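I have placed the structure first, in the form of structure tokens, so that the comments after it can refer back to it.
The values are calculated or read from the model by the stated rules, or taken from the named source; none is laboratory data. For clarity, every value in this text was computed on a predicted model and none was experimentally measured. Note: ideal-geometry Cβ built from the backbone for every residue, glycine included; neighbour counts use all protein chains shown. Protein only, heavy atoms only, side chains kept; ligands, DNA and RNA dropped before computing areas. Shrake-Rupley method; radii C 1.70, N 1.55, O 1.52, S 1.80 Å.
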Amino acid sequence: MMNLIARGMLAAVFILVCYAESTAQQQFSLSGKIFNGATGEPVENALLAVAEERTRVRSAADGSFTITVPAAGSYTIIIASETLKTVKTTVQIDGAVVRDFFMNPPVALGGLMVTGKRDIQKVARYTMTVQELKEVPASFGDSISALTSLPGVIRTTGGLFGPLVIRGGDFVGNNYFIDDIPILDPMHFGGLHSVINNSLMADIDLYASAFPAQFGSASAAVISINTVDNVQKFGGYTDLGLISASALIQAPIFRDSRGELHFAGPDDVFKEGDTMNAGYAIASGRVGYLSVFVPTIYKIITGNTISSVPEYWDYQYKMKYAFNSRHSLTLLLFGNSDYFTFIEKNELDPSQDPYFQGIEAKYDKQTHSQGIYYTWQPADSVTNKLIAYGSLMQSYQYFNLPAEGVGDAFKDFNVTSRPYVFGLKDKFKAGIIKNLLELRVGAQYNLYYFRAFGKTLTISNQTGAFDPGSDAFQPYPIDFTAINQTVGGYIETKLTIAGLTFLPGFRSDYLTRSGEVTYDPRGLLSYEFPTKTTVSIAGGKYSYFFQTNPMIFDQAPHITKIGRDLRSEKAIHRVAGIEQALGLWALKLESFYNDFYDIPLYYFHYKENGDASMGTNSGKIRAYGIEVMLRKDILENQNGFYGWINYTWTHSRYRSGLPTEDGVGDPRNLAGDAYGDQWVNYQYEQQHALKLVTGYKFGRSTLGAKFQLYSSLPYTPIVGGTQDTTYPGSGERWLPDYGRSYTRHFPIDHRLDIRYSYKNTKAWGYITWYIEIINIYNHRPESELKWDYRYDYQAGKNPHIIVNEDALTIIPNFGVEVKF
């Protein structure tokens, strides 16, 4: 019996010992990696703690970690990082648990804030977030329009519409990008709205000059649109306004801790620390309906009738999938359409040019762009992005002056153009020495397939008034295809030592048609003191091939076939600046001096060898000035004032360099410009501009205002008149004789716009009602030099300065924005 008991006790002891050994061998641990939920990059040096045990570890360079606990159970895990939101979650640990965690960026500052968050440069660069873009009064909530509130940015018309002129440069020398894809047609009808939905944008970088080497095909400025790259939950957005409606819907692709994927629906909840954004899909679009309300409102306000208004729409689609933290694919599609038709059925004012009676015009354009991105990030400090893209545009322009006496060149003018651009771009970035030296390298190939047919016109160097009855204009039938190819690349090295940043760069491009190679060195040097004072200088050489510009091709298709006769347009940029940040305040002062040369001009002439040529590289622009800007931001959900005030002084001069008399170089050559050997004011110079954008947030309401005080664009005075002896109509027709180009200015102009919004927050999102009044006190400037075609020149009477009949009147805009 005792033996039996002893055997039982020995067996029990043996079982207990085995169990104890097995328990001791079983490890209760949590391991995995910590990632940035917005970028998918590993998070180094993040602090992971187990609250119950008061133990902690830090993540390695690849984001990996391992931490042990004494026994199975439910534990509170806290993960903290200096730059990301803290994660707090509960994890059941019953053994060796493997789980990845994802940390997201903190909530950004709110209000109207112009930032400089990317690490490329501060000088000559401004960044606006999507919320700022929406809150700028008189911008119709539009991104491109909102940029005109920044220093040095105006429209070609000097008012509300038209392409952007930046720091006195030529607007044709600007280049627009969306996520590194060039935009052929960035704005509806040259400035009414941008072609990208605001809610798809994260922010916009405006490089007013001295932009980095990664950007090519630009001599003046670069506007780079960066789209949303992080979707946390299913949601949407819509904005119903007076002139257009836009909408967006988005859904993330979730990858849970087990590696399973699914599109999130309205009821799916993002679990902090337990779910990774493996991708997303976003669809958005806009449709304009100016014809519904604008003619009626315009007639109520002015008493006049609008014969026709433009119609437009656009769309965007973006989808991203991250295979893991190292590999991802992104698809981006966007397009737009503009349509306009006009027939003048009313009798013209008797003082207007009778040749424009019954004018007919039609404009129909569509653009569709596609891009696919492959991003490879083998390490936190190494990134490579390969981009393949295509942009397809088709436009039809029709113009007809049916009046008797008009030349054939203006009868049934019609051009169909199809500029197609295809490209392949690779961008590589690597940290050579951590926090000290970084290398950026890129290469690019573009194929430009331009097709055009129809009937355009040529001009034989007319230097007088525009006269559609003149034989200087001749019809020019076209039917051709032009193929151009460019190959280019860049290299930049960023050296950072304490507060010093040195960024030398170099870019080179080659155009097959002309055989020209450009060599463009660029650089930046800045130093940030401990007092948050940053001093910077930047500059370099910038080139672009006009033969590849779809905007030029759309207006003058035959220009793109010019090869070795014309060189690329070039510029030298110089900029210096100082910025002082103090809490939510910032003061920025910059000066710039830019020379543009080898500007191609249309000038038919015979060269010394007797060959005919359609152009010359004789144009020059010299633009210099000073910008100063004071800004105040506010924190998110904080009440109070915000905004900025800026002043810009710009002096922009132009010289065509064209012959001032006949027979230069060849007896058959005609004069090209009576003042071609003189520097004159550039036609888009706005010498003085003061802009104030401010707002006050109180509870759910925001009241904003924008005030502008600026000098006019210059105009060319009329100094005499010449009778048109060939005019077949009744009465007389007199043409103006112009003096020296752009030597006069109209009186100083000003405008005040206000905006009020009321935001009602709901559990599912928010509803914001807004109303804005543009030109609230209905100021109409004297900005038109009126010439009466019935009479000869008479000083003080014909011509005379009048209020521009087409100038902006008071315009109300209202709508509702819903986000869910």
Boolean, K561 is over 30 Å from T458 (Cβ atoms) and either among the aromatic types (F, W, Y) or open to solvent by 10 Å² or more (accessible area, probe 1.4 Å) (or both): no
Meets criteria (out of contact with any Cys (no Cβ under 7 Å at 6 or more places or on another chain) and assigned to a strand (DSSP E or B)) for H605: yes
The lone exception for E404 - which of (1) over 30 Å from G63 (Cα atoms); (2) surrounded by 15 or more Cβ atoms within 10 Å (Cβ to Cβ) it fails: (2)
Those strands (runs of 3 or more DSSP E) lying entirely in the range 174-229 with at least 1 residues of a type in the set (S, T, N, Q), in contact with a Gly (Cβ under 9 Å, 6 or more places away or on another chain) and closer than 24 Å to D554 by Cβ: 174-178
Residue match in the range 461-476 (condition: among the charged types (D, E, K, R) and part of a strand (DSSP E or B)): no
Test result for F334, open to solvent by 50 Å² or more (accessible area, probe 1.4 Å) and either touching a residue at least 60 places away in the same chain (Cβ under 8 Å) or assigned by the TED database to the domain that holds Y396 (or both): no
Strands (runs of 3 or more DSSP E) contained in the range 688-734 and holding at least 1 residues within 27 Å of the chain's Cα centre (by Cα) and closer than 26 Å to I634 by Cα: 688-698, 701-710
Cβ pairs under 6 Å, 6+ apart, first in the range 628-654 and modelled with pLDDT of 95 or more, second in a strand (DSSP E or B) and of a type in the set (G, A, S): T648/A689; W649/G625; T650/G625; S652/A623
Boolean, L495 is open to solvent by less than 20 Å² (accessible area, probe 1.4 Å), over 26 Å from S613 (Cβ atoms) and either outside any strand (DSSP E or B) or assigned by the TED database to the domain that holds D595 (or both): no
Any chance L133 is of a type in the set (A, V, I, L, M) and modelled with pLDDT of 80 or more: no
Candidate set: the range 154-170, residues that are open to solvent by less than 20 Å² (accessible area, probe 1.4 Å) and within 30 Å of I491 (Cβ to Cβ); chosen: the one modelled with the lowest pLDDT: L164
Residue check for R574: at pLDDT 95 or above and among the basic types (K, R): yes
Scope the range 660-674; condition in contact (Cβ under 8 Å) with a residue 40 or more places away in the chain and open to solvent by less than 70 Å² (accessible area, probe 1.4 Å); matching residues: G665, D666, N669, A671, G672, D673, A674
Selection count, the range 779-795, where residues are assigned to a loop (DSSP other than H, G, I, E, B) and open to solvent by 70 Å² or more (accessible area, probe 1.4 Å): 5
Test: N197 is open to solvent by 10 Å² or more (accessible area, probe 1.4 Å), touching a strand residue (DSSP E or B) at 6+ places or on another chain (Cβ under 7 Å) and of a type in the set (S, T, N, Q): no
Some residue of the range 208-225 being in contact with a His (Cβ under 7 Å, 6 or more places away or on another chain), over 30 Å from N104 (Cβ atoms) and of a type in the set (A, V, I, L, M, F, W, C): yes
In the range 117-130, residue farthest from the chain's Cα centre (by Cα) [restricted to those that are at pLDDT 75 or above and charged (D, E, K, R)]: K122
Search result, residues across the range 548-579 that are touching a Lys or Arg at 6+ places or on another chain (Cβ under 6 Å) and more than 30 Å from M629 (Cα to Cα): G563
Residues satisfying the stated conditions in the range 542-569, i.e. of a type in the set (S, T, Y) and in contact with a helix residue (DSSP H, G or I) (Cβ under 6 Å, 6 or more places away or on another chain): T560
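Condition check ((1) out of contact with any Leu (no Cβ under 8 Å at 6 or more places or on another chain); (2) assigned by the TED database to the domain that holds G729; (3) closer than 16 Å to I718 by Cβ; (4) at pLDDT below 90) across all residues:
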site	(1), (2), (3), (4)
T768	yes, yes, no, no
R780	no, yes, no, yes
L785	yes, yes, yes, no
Y793	yes, yes, yes, no
V803	yes, yes, no, yes
A807	yes, yes, no, yes
Residue tally, condition among the basic types (K, R) and either part of a loop (DSSP other than H, G, I, E, B) or at pLDDT below 95 (or both), over the range 350-389: 2
Selection count where residues are outside any loop (DSSP other than H, G, I, E, B) and within 36 Å of the chain's Cα centre (by Cα), scope the range 31-80: 5
Members of the range 759-777 that are in contact (Cβ under 8 Å) with a residue 24 or more places away in the chain, assigned to a loop (DSSP other than H, G, I, E, B) and exposed (fewer than 14 other Cβ atoms within 10 Å of the Cβ): W764, Y777
